[in-house]
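To start, the structure itself, in structure tokens.
The values are calculated or read from the model by the stated rules, or taken from the named source; none is laboratory data. These numbers were taken from a predicted model, which means no experiment stands behind them. Positions of Cβ are backbone-derived with ideal geometry, glycine not excepted, and every protein chain shown enters the neighbour counts.
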Amino acid sequence: MRAIAVIPARLASTRLPRKVLRGIAGRPMLGWVYEAARSSPLLAEVIVATDSEEVMDVCHQNGWNARMTSPQHRSGTDRVYEVACSVAAEVYVNVQGDEPLARREHIEALLAAMKDASVMVSTIKTRAAAAAIDNPNAVKVVTDASGRALYFSRAPIPYDRDRSGQPRYFKHLGFYAYRKPALERFCALPESALERSERLEQLRFLENGIPIHVAETPYDTIGVDTEDDLRRVEAILKHR
């Protein structure tokens with residue numbers, strides 16, 4: 001199975017400006033993500049997909065494989081699809097540029113699910129820490145008995161009506177693997193109502209009947225959106 005990783009790296013982030021080039025423990029954030037993806041022997045190629053000449057320059061300076069993509073894209077998935085239209089692979093892995101705690105094990109979990117030829121999209125989850133359950137910035141996921149996603153939400157799901165303490169909560173990690181037909185369909189569809197409500201683009205797949213298989217990993221991450229996230233990640237990476 002030929003799999004490639006695409007790292008969407010938009011420079012014009014709003015909550016934390018220029019975050020993919022922010023320094024973390026002596027290296028740009030994007031460098032941590034790129035090297036994590038490159039550490040996986042399951043990937044034939046790793047490509048940074050950006051709309052920024054500055055990001056391209058940093059990639060060239062560091063010897064990172066990169067491509068310019070359209071500045072009109074609304075999501076990282078659209079950027080992955082543009083690369084998929086010119087680079088042949090069976091599976092495309094989306095490793096987001098603001099996930100400096102990415103690990104090869106995340107990619108292994110994604111691609112293990114894609115060994116089943118019927119799986120069109122896969123993603124990963126991990127056990128949610130107590131602090132994540134009520135945190136709207138930590139997306140939760142529930143799955144059916146076969147591991148397919150039933151729903152993703154910023155709210156605590158499932159709802160523990162009787163305060164039994166019995167539900168197991170899972171945090172969704174924003175890594176994906178897709179086959180090209182799923183990417184093509186996603187990008188052709190309009191923004192869905194649930195996607196718009198939760199601000200979660202993966203709900204476009206579910207709302208249009210495209211199943212997402214969810215693999216489990218013990219390795220949590222911190223997606224970097226704020227200065228506080230940046231400091232937390234730097235403290236972790238300094239001790240790796």
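When Gln202, Gln166 are checked against the criterion of being within 25 Å of Asp78 (Cα to Cα), of a type outside the set (D, E, K, R) and either out of contact with any Phe, Trp or Tyr (no Cβ under 6 Å at 6 or more places or on another chain) or touching a residue at least 60 places away in the same chain (Cβ under 8 Å) (or both), Gln202 stands alone in meeting it.
For the range 209-239, which positions are assigned to a loop (DSSP other than H, G, I, E, B) and either surrounded by 13 or more Cβ atoms within 10 Å (Cβ to Cβ) or hydroxyl-bearing (Ser, Thr, Tyr) (or both)? Write out each step before concluding.
Within the range 209-239, the first condition is being assigned to a loop (DSSP other than H, G, I, E, B), and the residues that meet it are 209-212, 217-226, 239.
Within the range 209-239, Ile210, Pro211, Ile212, Thr217, Tyr219, Asp220, Thr221, Ile222, Gly223, Val224, Asp225, Thr226 qualify.
The range 138-207 holds helices (runs of 4 or more DSSP H) entirely within its bounds, and those carrying 2 or more residues that are within 16 Å of the chain's Cα centre (by Cα) and surrounded by 16 or more Cβ atoms within 10 Å (Cβ to Cβ) map to 180-188, 203-207. Could you look through the range 224-240, keep only residues that are within 17 Å of the chain's Cα centre (by Cα) and modelled with pLDDT of 90 or more, and pick out the one that is nearest to Ala9 (Cα to Cα)? Looking at residues that are within 17 Å of the chain's Cα centre (by Cα) and modelled with pLDDT of 90 or more, I get Val224. Listed by first and then second residue, the pairs linking a residue in the range 87-110 that is within 10 Å of Ala5 (Cβ to Cβ) and at pLDDT 95 or above to a residue that is of a type in the set (Lys, Arg) and part of a strand (DSSP E or B), with Cβ atoms under 9 Å apart and 6 or more places separating them unless they lie on different chains, form an empty list.
So which residues in the range 11-23 are surrounded by fewer than 21 Cβ atoms within 10 Å (Cβ to Cβ) and either in contact with a strand residue (DSSP E or B) (Cβ under 9 Å, 6 or more places away or on another chain) or closer than 9 Å to Pro100 by Cα (or both), if there are any at all?
Pass one, the range 11-23, residues surrounded by fewer than 21 Cβ atoms within 10 Å (Cβ to Cβ): 11-18, 21-23.
Within the range 11-23, Leu11, Leu21, Arg22 meet the criteria.
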